[in-house]
Amino acid sequence: MLTRIAVLVSGGGTNLQALIDARARGDLPHGELVLVVSSKEGVYALERAEKAGIPTAVVSRKALGGDQEAFESALTALLEEYGVELIILAGFLSILSGAFTRRYENRILNIHPALIPSFCGKGMYGLKVHEAALACGVKVTGATVHYVNEVPDGGQILLQKAVEVLPGDTPETLQRRVMEQAEWLLLPRAAEQEARRIFEEKEHHHD
Ligand code: GRF
């Protein structure tokens with residue numbers, strides 16, 4: 001049985017789209033995208049999932065009165081209901097507690113739009129990451145896929161890809177290049193690597 005993957009989103013969903021396109025191209029043979037969960041209503045990532053025929057759900061901490069435990073128990077119930085074996089954070093902006101990440105140790109991937117340990121950690125997401133890179137005057141940045149643990153952007157690094165910073169880059173032009181040349185390549189590659197690892201682990205258990 002293919003590895004059952006849930007993708008957690010909060011915004012535009014371009015990384016989700018990269019996973020959907022990879023699956024359609026046959027580049028995710030060991031995984032199946034079974035669920036997309038958004039932390040917010042009405043984000044375009046949900047439309048991308050619906051167009052791809054993937055079941056969707058919204059679990060909003062705000063709607064749950066800001067209660068982290070209620071948020072995580074609702075999320076966990078959904079993941080269990082769908083038999084999810086691998087969780088991919090793709091532009092997901094909600095914090096996950098140590099209790100949650102330990103439950104899914106080495107089963108949660110995140111894509112960060114910089115070369116960790118640069119420009120990462122609490123509050124470093126979206127355009128802020130690229131603003132910091134430009135403010136530093138780095139000539140090279142990139143993206144990182146890593147396991148998620150209780151430290152923001154702290155888990156074991158799985159894949160990285162470097163991207164040039166060009167003269168005249170704005171945070172927007174740099175973000176676009178990092179997405180096109182790094183994020184949208186690395187995330188599907190990491191998803192297939194991990195889906196295959198989990199698939200083969202399950203195979204050995206049956207032997
Ligand atoms: C982007 O900043 C991306 O670098 C990071 O999350 C943000 C939104 O991504 N991973 P997406 O378009 O919602 O996938």
**Fill in**
Residue-ordered couplings for region 137-143, obtained by feeding phi - 60° into the Karplus form 6.51 cos²θ - 1.76 cosθ + 1.60 and rounding to whole Hz (Gly and Pro as x), are x, 5, 9, 9, 9, x, 9
**Complete:** Among Gly91, Gly42, Gly26, the residue with the largest mean-square fluctuation in a Gaussian network model of the chain built from Cα contacts under 10 Å is Gly26
**Prompt:** Between rounded, prolate and oblate, where does region 47-89 land on the alpha carbon gyration tensor, with a ≥ b ≥ c its root eigenvalues, rounded for a/c under 1.5, else prolate if a/b exceeds b/c?
**Reply:** oblate
**Complete:** When His205, His130 are ranked with the fewest other C-beta atoms within 10 Å first, the list becomes His205, His130
**Item:** Under DSSP loop assignment and at most 12 Cβ neighbours within 10 Å, longest GluC sites (Glu not before Pro)-free interval of the chain
**Value:** 106-207
**Message:** Under the rule of at least 5 residues apart or a separate chain, name every residue whose amide H is placed under 5 Å from the amide H of Asn149.
**Reply:** Gly154, Gly155
**Item:** For the chain, Kirkwood radius (reciprocal of mean inverse C-alpha pair distance, Å)
**Value:** 17.3 Å
**Prompt:** Among the helices of the chain (complete DSSP H runs), which have Cα atoms covering no less than 18 Å along the helix axis and a Kyte-Doolittle mean of at least -1.0?
**Reply:** 68-81
**Message:** Cross-link candidates for Lys139: which lysines have Cα within less than 27 Å, leaving aside residues fewer than 8 places away along the same chain?
**Reply:** Lys122, Lys128, Lys161
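Read-outs: derived from the displayed coordinates by stated rules, not from any lab. In this text the structure is predicted, and so the values were computed from the model without any measurement. For neighbour counting, all protein chains shown are included, and Cβ atoms are generated from backbone atoms with ideal geometry for every residue, glycine included.
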